[in-house]
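The values are calculated or read from the model by the stated rules, or taken from the named source; none is laboratory data. Keep in mind that this is a model prediction, so the values were computed, not measured. For neighbour counting, all protein chains shown are included, and Cβ atoms are generated from backbone atoms with ideal geometry for every residue, glycine included.
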């Protein structure tokens, strides 16, 4: 039986911090104790007040609550001192702006206050050097402090910090004194000019050890001959765009803490904004993909008289997860088009050969897999993802899928109980002997497998009405409690865990499952990059809100991208008005950007030099002529496709086409919308009324484009209150609108 997951490490106390204090912390403590700050201005921010002040070597922005401590942000580090500090005219929306003259050049620091339900303070700092400036070490910029300004007596805990090149954020609680919970977010999108100029990357840049936390400005490595990449002279370069979102509560309850994190992150997303999404013709991509699946010899192989998919282009053995992932996406596409697809029938015909009657479940490989594979070794999630796809097909009425699901689901339950709902990384499918227990020194296995298992159990309950399966789903979700931000192992598994919690809430009406879904989502979004990189080849594609494939993976992967999209579709369609608004915003934005980002996994959508000429051993090759995506895109701009061209990722085209594009019967046009349509009706022959499920105060993209050769008709698009919306763009074959992302829309032609 697998060991229980280890508890999260305890927060450092003031006493333990004193044994490993940095010089910077001691200097900050001394400065605040001696009152060595000159106040420049002061502002109210709800129950907090913000002080803008200068010290001999820095500009500080300090936020406090009466008798409850605060946080001190170093807005500018000026090690050689400065000549003058001047308050200047703030720009529209700013509360204050100062100009600091020093030997380094001119610093501009601006404060913006958002006194809303979730208060947000924004501090931007730029520098205009007098000479080309080589950057060197700058200490982290944030210090929690107690009521007397002492960072060493401020007790709290960092709950989540930046992982790799994901969002530059740190989420912490200042418990003694009870200042509250804080999300510090560095808007890395705005800092791209700095990264390009200095040749640096913000890898793990936001983090630290209590009480010296926050942003560590990336600087070139100091070595015998350091890089010579200066900031340009006489040109302003942004050094920091820091946002601090505040919440009064400091409680450690996992569910409430997750909801607070999502609320703070949603508030920050409103402030930093999101990049535009391009329109992509996913139906055309889907048709190309079908042709390549059917015709390309690198796509499929025959065994036992049946047709099976290669996982990668011309490489690797047939695999049940691969076969079913693509088949399920094709089935969705068939429903959307109303037409059968020949390759779908071919892929379905051979599914039974993956079933092992001795252990009574689907195997990963066919019985004749090569001896270079351990056919009995299975990753924990690999057992359940094929079952999830079978469940989806069975619910849609596929009798073959239902038979295989019924014959296999019992083994899935047996495995879950054996491991006490805490799965290892890999085990022997015959006897549950653990091959690899943990992914790291903390002892964590595949921590989110319980989520996808719970979703499979909910499917089994819906198919059989057997409450035993409902009990299994409950047990799996309950076993994951206490994992906090360590819950995420693989992005799409975490997404299906959230969907399972939402479904359990709908079935049982027990609010704890809704609340637990926030824990899954908080861990998911902790592993996303809420910024747009322009480093290296990343300038050719978008990465905004992309999730790394694994908790520690160096890249975003297409399979996890569109599978998470499918899970979040289920989540949003099962949700209702009780869903936290910030959660609705984050999920809607993730899905909107996923359908845009996924396009750039296709080699023909990238410049040739942006795709790696070599792939991982045994993962085949990349053929730009084939409409199959590469597995990997990199936030830091490395060449894409280093892992391989992923045939099992080709379901992306079918998923995005069938979810984002909508047929209109007996009409010369089709509809594209980058938000989910939760409901629609046809009150008249020339009117469609549909409901969008996005966030309030956000916009959705609606495109009406020509189907066939007929000209587009005249359209009237109006909101539920009768406001007519004007087109924001038009082309020969399509008309574009910006519509409210929530609420009802009437379309007449």
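Quick test for you: out of 79, 7, 90, pick the one residue that is at pLDDT 95 or above and either over 34 Å from the mean Cα position of the chain (by Cα) or not assigned by TED's automatic domain parsing to the domain that holds residue 123 (or both). Break it down into steps so the answer makes sense when it comes.
On the way: 79 fails: at pLDDT 95 or above; 7 fails: at pLDDT 95 or above.
Every option except 90 fails the conditions.
Checking residue 700 against (1) more than 29 Å from the chain's Cα centre (by Cα); (2) within 29 Å of residue 334 (Cβ to Cβ); (3) surrounded by 14 or more Cβ atoms within 10 Å (Cβ to Cβ), only one condition comes out false. Which one?
Only one criterion in (1) more than 29 Å from the chain's Cα centre (by Cα); (2) within 29 Å of residue 334 (Cβ to Cβ); (3) surrounded by 14 or more Cβ atoms within 10 Å (Cβ to Cβ) is unmet by residue 700, namely (1).
Output the number of the condition that residue 244 fails; it satisfies all remaining conditions of (1) modelled with pLDDT of 95 or more; (2) surrounded by fewer than 23 Cβ atoms within 10 Å (Cβ to Cβ).
With respect to (1) modelled with pLDDT of 95 or more; (2) surrounded by fewer than 23 Cβ atoms within 10 Å (Cβ to Cβ), residue 244 is out only on (2).
Before we move on, is residue 166 in contact with a helix residue (DSSP H, G or I) (Cβ under 7 Å, 6 or more places away or on another chain), buried (at least 19 other Cβ atoms within 10 Å of the Cβ) and over 21 Å from residue 70 (Cβ atoms)?
In short, no.
Any idea which of 302, 235, 285, 291 is within 30 Å of residue 623 (Cα to Cα) and not in a helix (DSSP H, G or I)?
None of the others qualify; the one that does is 302.
Does residue 175 meet the test of being part of a strand (DSSP E or B) and buried (at least 19 other Cβ atoms within 10 Å of the Cβ)? Full working, then the answer.
Values: part of a strand (DSSP E or B): yes; buried (at least 19 other Cβ atoms within 10 Å of the Cβ): yes.
So residue 175 fits the description; yes.
Six or more apart or on different chains, Cβ under 6 Å: which pairs go from a residue in the stretch 182-206 that's at pLDDT 95 or above to one that's part of a helix (DSSP H, G or I)? Could you list them?
Within 6 Å, the pairs are 183/264; 185/268; 187/272; 202/188.
What about residue 594, is it touching a helix residue (DSSP H, G or I) at 6+ places or on another chain (Cβ under 9 Å), in a strand (DSSP E or B) and under 30 Å from residue 612 (Cα atoms)?
Criteria not met by residue 594.
Taking the condition of being in contact with a strand residue (DSSP E or B) (Cβ under 8 Å, 6 or more places away or on another chain) and part of a loop (DSSP other than H, G, I, E, B), how many residues in the stretch 184-203 meet it?
2
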